[in-house]
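The structure appears right after this line, and notes come after that.
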Amino acid sequence: MLIKTPKGWELPEGKATPETIYQDRRAILRGMAAVGLVGSAAMTGLPRALLAAPAAAGSSLYPVPRNDRYTVSRPLTDEKIVTTYNNFYEFGSHKEIHSAAQKLETSPWTVTIDGMVEKEQQLDIDDLLARMPLEERLYRHRCVEAWSMVVPWSGFPMKELVKLAAPLSSAKYVVMETFEDSAMASGQRQFWYPWPYTEGLTMEEATNDLAFLVTGLYGKPLPKQNGAPLRLAVPWKYGFKHAKSLVRFHFTDKRPVSFWENLAKSEYGFWANINPEVPHPRWSQATERDIGTGERIPTVLYNGYGDYVADLYKDMKGEALFM
Ligand code: MTE
């Protein structure tokens, strides 16, 4: 006969711990929740397992209303594919980073706004979300590697964040930075990469109607592998511009050198606007593989968003707008 002896970790907490200590821990946790410290195990010395798992940023806010101005005629890509086929070099240089990315701690999460602004600010992600008009938009999502998806992002227009930042008239660019913490993100131990992941937009691009700061996906908070709690979506540009897990928005008059541009300037430029007629130096950009349907489809100038953005570039001569 098989007699099952419960292991220590199978006991309910109330049984494994003397009653007084157990009650004390509950009281401590209630106190911590009241001052917003739940989730910050390092600050208490309590084992992490004793702390309630922190809720994802703004989890009670979803689903948010869909903005029907932004829809797509292609079918939506399956949620399972969008959340398991990812690029996030902080967690590995392959597509299967979704498990490793669960190490990312997104609570607490602070967003810094600094540089050429009226007043520098640090905002807790929940406070930021509470101040922003959240909506859902269906966007085409096209990677420089010539694959694409159709994704229902939730989030808010980037121009709302720019408004909140109140940049000085001298600011020409907004630079976005991803978190930096090699204890959570093993990819950041690869010292030859120029961490933190950095991307930039001109002020005109950042305030274009299409520029969207993403906080959710499929009517739920954004999964870590997709860049929780805050990432960029600029669907007329290749996916590498869509920096994930942002902690800083820096306003400046100097054009930044982004992560990929720093690594390979001749392959990944600052503008990175989608154009089927301008090949990547090592492959064609004429078509893309829809990861959801498996079909190879023609790529379209500005990923089909020319009505929104073509004017931004009409007077720019001599710029490598499409790489
Ligand atoms: N952001 C960070 N911080 N690190 C990355 O490696 N990869 C980029 C972009 N944002 C990347 C990033 C690339 S190359 C692409 S195609 C998209 O994220 C992929 O987004 P997805 O995984 O949500 O499809």
Q | Within region 238-263, tally of residues that are within 14 Å of the ligand (Cβ to nearest atom) and either part of a loop (DSSP other than H, G, I, E, B) or modelled with pLDDT under 95 (or both) | A | 6
**Q.** Residue ranges of strands (runs of 3 or more DSSP E) in region 112-157 with at least 1 members of a type in the set (S, T, N, Q) and in contact (Cβ under 8 Å) with a residue 12 or more places away in the chain
**A.** 121-124, 147-157
Q | Hits in region 205-235 - residues which are more than 9 Å from the ligand (Cβ to nearest atom), of a type in the set (Lys, Arg) and crowded, with 23+ Cβ neighbours inside 10 Å | A | Lys224
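Got a sec? Which of Tyr313, Tyr302, Tyr308 is away from the ligand (no atom under 16 Å from the Cβ), among the hydroxyl-bearing types (Ser, Thr, Tyr) and touching a Phe, Trp or Tyr at 6+ places or on another chain (Cβ under 6 Å)?
Criteria check complete, one pass: Tyr302.
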**Q.** Output for region 68-91, where each listed residue is more than 9 Å from the ligand (Cβ to nearest atom) and of a type outside the set (Val, Ile, Thr)
**A.** Asp68, Arg69, Tyr70, Ser73, Arg74, Pro75, Leu76, Asp78, Glu79, Lys80
Q) Counting just the residues of region 278-295 that are free of Cβ contacts under 8 Å to residues at least 40 places away in the same chain and surrounded by 11 or more Cβ atoms within 10 Å (Cβ to Cβ), which one comes out farthest from Leu138 (Cα to Cα)? A) Pro279
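Which of the following residues is touching a residue at least 12 places away in the same chain (Cβ under 8 Å), within 15 Å of the chain's Cα centre (by Cα) and farther than 22 Å from Gly306 by Cβ: Glu177, Glu160? Spell out the reasoning first.
Numbers: Glu160 fails: within 15 Å of the chain's Cα centre (by Cα).
Of Glu177, Glu160, the one residue that is touching a residue at least 12 places away in the same chain (Cβ under 8 Å), within 15 Å of the chain's Cα centre (by Cα) and farther than 22 Å from Gly306 by Cβ is Glu177.
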Q. Right, Asp209: modelled with pLDDT of 95 or more, more than 14 Å from Phe249 (Cα to Cα) and in a loop (DSSP other than H, G, I, E, B) or not?
A. yes
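The values are calculated or read from the model by the stated rules, or taken from the named source; none is laboratory data. Since we're looking at a predicted model, the values are computed, not measured. Every residue, glycine among them, receives a Cβ derived from its backbone with ideal geometry; neighbour counts consider all protein chains shown.
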